[in-house]
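To keep things clear, I will list the structure first and then write my remarks on it.
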Amino acid sequence: MLEVRSLVVQYGKAQILHGVSLDVGAGQLVALVGPNGAGKTTTLRAIAGLVTWDLRVLRRQAFLSGQIRFLGQEVQGLLPHRIARLGLVLCPERRRPFRELTVRENLLAGALAQKDVRRVHNRLAEAYELFPALRERERQRAGTLSGGEQQMLAVARALMAAPRLLLIDEPSTGLAPLVKRSVFQQIRAVRDKGLPVLVVDQDASLALSLADLGYVLAQGQVVAQGPQLLGDDTVRRSFLGL
Ligand code: ATP
């Protein structure tokens with residue numbers, strides 16, 4: 001579904017990505033892991049069109065090259081809203097909801113581009129089906145949710161934009177181990193519903209243990225890839241510090 005080839009990103013003199021290639025197939029949960037500063041977030045930002053945004057709108061000194069194809073269409077060079085409309089939706093890091101709005105209002109805000117009220121309500125029902133805890137709290141102000149619940153709300157809000165592939169950046173940041181696991185299990189449930197997911201996370205063990213396919217990124221390059229990376233001692237020792 002998603003094919004990324006030879007992605008190069010440079011900001012000023014700093015080259016962040018040195019030719020990253022990766023694939024996400026239909027129905028797959030794919031994890032992109034690696035140390036701090038490896039370029040994971042930059043990879044997701046490039047796929048979602050945000051690096052193109054930096055280039056075009058902020059006029060920062062930046063460079064982007066490579067191919068990004070989604071459902072057979074070249075999306076490299078499109079701006080973020082066009083890419084999101086094709087169904088490639090990013091759930092960014094830091095998961096901040098609109099704190100003063102209720103859970104339900106936050107979810108509805110995720111579907112602002114959809115004018116058909118019936119469709120919006122169908123999506124809301126689907127989001128609640130995947131995240132029943134959010135239904136229980138639908139009238140609660142989002143600022144009062146726990147960290148794990150806020151992360152679930154962030155994923156559910158991204159689902160409201162009707163993705164055909166979901167990009168999730170660092171869902172486990174700042175969460176306790178048990179909560180992290182539960183968030184990742186919910187992400188797997190999203191995959192089980194048939195929606196492919198590309199997730200970036202610093203918790204390599206957790207992300208790789210639940211993913212169908214993993215990629216390890218180090219210093220802007222893919223240094224290992226495969227379905228069973230945790231079973232590979234060299235990868236564990238050399239790249240994951242496990
Ligand atoms: P982390 O888990 O720490 O977020 P990461 O693997 O997601 O790491 P990135 O956020 O992609 O890494 O950052 C990779 C490198 O690129 C870092 O050294 C960062 O400082 C640099 N970088 C990212 N975005 C920019 C930018 N807009 N301008 C300049 N440098 C940037």
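Bear in mind these aren't lab numbers, they're just calculated from the coordinates by the rules spelled out. Source: prediction; values computed, not measured. Neighbour counts are summed over all protein chains in view; Cβ atoms, including those assigned to glycine, are modelled from backbone coordinates with ideal geometry.
For the reader, a short list of remarks on this structure follows.
- Computed FRET value (nearest 0.05) for Ala113 with Leu55, which takes r as the C-beta separation and R₀ as 35 Å: 0.90
- Three-way shape call for region 162-242 based on the alpha-carbon gyration tensor, with the a/c threshold at 1.5: prolate
- Two-site FRET efficiency, Tyr11 against Glu136, from Cβ-Cβ distance with R₀ of 41 Å, rounded to 0.05: 0.40
- Helix-derived mean residue ellipticity, 222 nm - over the chain, DSSP H n ≥ 4, -39500 (n - 2.57), to 500: -10000 deg cm²/dmol
- Intensity falloff of region 127-208 expressed as log10 I(q)/I(0), Debye formula with alpha-carbon point scatterers, at q = 0.13, 0.18, 0.22 Å⁻¹: -0.37, -0.73, -1.10
- ³J(HN,Hα), Karplus 6.51/-1.76/1.60, whole Hz, each residue of region 103-109, x for Gly, Pro: 4, 4, 5, 4, 5, 4, 5
- Dipole size of the chain about its Cα centre, with +1 on Lys/Arg Cβ and -1 on Asp/Glu Cβ: approximately 740 debye, rounded to the nearest 20.
- Expressed as a fraction of 2.2 N^0.38 Å, the value expected for a compact globular protein of N residues, the C-alpha radius of gyration of region 1-92 is 1.03.
- The chain - share of DSSP beta bridges that are antiparallel (%, nearest 5): 60
- Here the contact order of the chain, divided by its residue count and restricted to Cα pairs under 8 Å and six or more residues apart, works out to 28 percent.
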